[in-house]
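*Asks:* Please see the structure below; I have some questions.
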Amino acid sequence: MKATEQLHRMGQSLWLDNITRGLISSGTLERYNRELSVTGLTSNPSIFDHAIRNTASYDEAIRGKIQAAQGAEKLFFDLALDDLTKAADLFRPIHDATNGADGWVSLEVSPLLADEPVKTLEAARRLFAAADRPNLFHQDPRHPARTLRH
């Protein structure tokens, strides 16, 4: 038995602290779930920034969305939500089977909102609504341990 499976059987949730379009499209994230007992993942703007800048995986989507995006930040979060909704769909059966104890996918709102709590909540609610996935939650960048769920 793999060490990750042993941890999972002992009640430890294993989350990946990374996401890229290639991780999803290649089936790697699904394999991590199946073979390594990974049951959720976290993300943040710097993870996506790195993925977008350092791979060509997002180029076609950027070209297709750039006109409708109405700004760089909107484009950025559109790309992030494309990936996160796919990841949330992958982990949804776990979320359902554990009654919401596991199977989560996280997203932080823009760090530019860190000093604006009202706008932070508005952005979190807007992203949550756009994702339309019950197992997507948002982290408050000022207090990463605090999550914003609906």
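The values are calculated or read from the model by the stated rules, or taken from the named source; none is laboratory data. Just so you know, these numbers come straight off a predicted model, no measurement behind them. Quick reminder, even Gly has a Cβ in these numbers, built from the backbone with ideal geometry, and neighbours come from all protein chains shown. Protein only, heavy atoms only, side chains kept; ligands, DNA and RNA dropped before computing areas. Shrake-Rupley method; radii C 1.70, N 1.55, O 1.52, S 1.80 Å.
*Asks:* List every residue pair whose Cβ atoms lie under 7 Å apart, where the two residues are 6 or more positions apart in sequence or sit on different chains, the first residue falls within the stretch 87-111 and is free of Cβ contacts under 8 Å to residues at least 40 places away in the same chain, and the second residue, located anywhere, is open to solvent by 10 Å² or more (accessible area, probe 1.4 Å) and part of a loop (DSSP other than H, G, I, E, B).
*Replies:* What qualifies is Val109/Pro141.
*Asks:* List pairs: first residue in the stretch 46-64 and open to solvent by less than 80 Å² (accessible area, probe 1.4 Å), second residue among the polar types (S, T, N, Q) anywhere in the structure, Cβ distance under 7 angstrom, at least six positions apart or on different chains.
*Replies:* Ile47/Asn18; Ala51/Thr20; Thr55/Thr20; Ser57/Thr20
*Asks:* Quick one: how many residues across the stretch 1-58 are in a loop (DSSP other than H, G, I, E, B) and over 14 Å from Val105 (Cα atoms)? Break it down stepwise before answering.
*Replies:* In the first step, residues of the stretch 1-58 are kept if they are in a loop (DSSP other than H, G, I, E, B); the result is 1-2, 10-13, 17-20, 26-27, 37, 42-44, 55-58.
So of that shortlist, the ones also over 14 Å from Val105 (Cα atoms) come out as 1-2, 10-12, 26-27, 37, 55-58.
Residues flagged as in a loop (DSSP other than H, G, I, E, B) and over 14 Å from Val105 (Cα atoms) within the stretch 1-58 amount to 12.
*Asks:* Just the residues that are open to solvent by 60 Å² or more (accessible area, probe 1.4 Å), modelled with pLDDT of 90 or more and charged (D, E, K, R), please, taken from the stretch 1-45.
*Replies:* Across the stretch 1-45, the qualifying residues are Asp17, Glu30, Arg31, Arg34, Glu35.
*Asks:* Answer yes if at least one residue in the stretch 71-90 is open to solvent by 60 Å² or more (accessible area, probe 1.4 Å) and polar (S, T, N, Q), and no otherwise. Before the answer, list the steps.
*Replies:* Applying the first criterion (open to solvent by 60 Å² or more (accessible area, probe 1.4 Å)) to the stretch 71-90 yields 72-74, 86, 89.
Next cut, polar (S, T, N, Q) only: none.
Within the stretch 71-90, none of the residues are open to solvent by 60 Å² or more (accessible area, probe 1.4 Å) and polar (S, T, N, Q).
*Asks:* Separate question: Of all residues in the stretch 117-150, how many are at pLDDT 85 or above, open to solvent by less than 70 Å² (accessible area, probe 1.4 Å) and among the β-branched types (Val, Ile, Thr)?
*Replies:* 1
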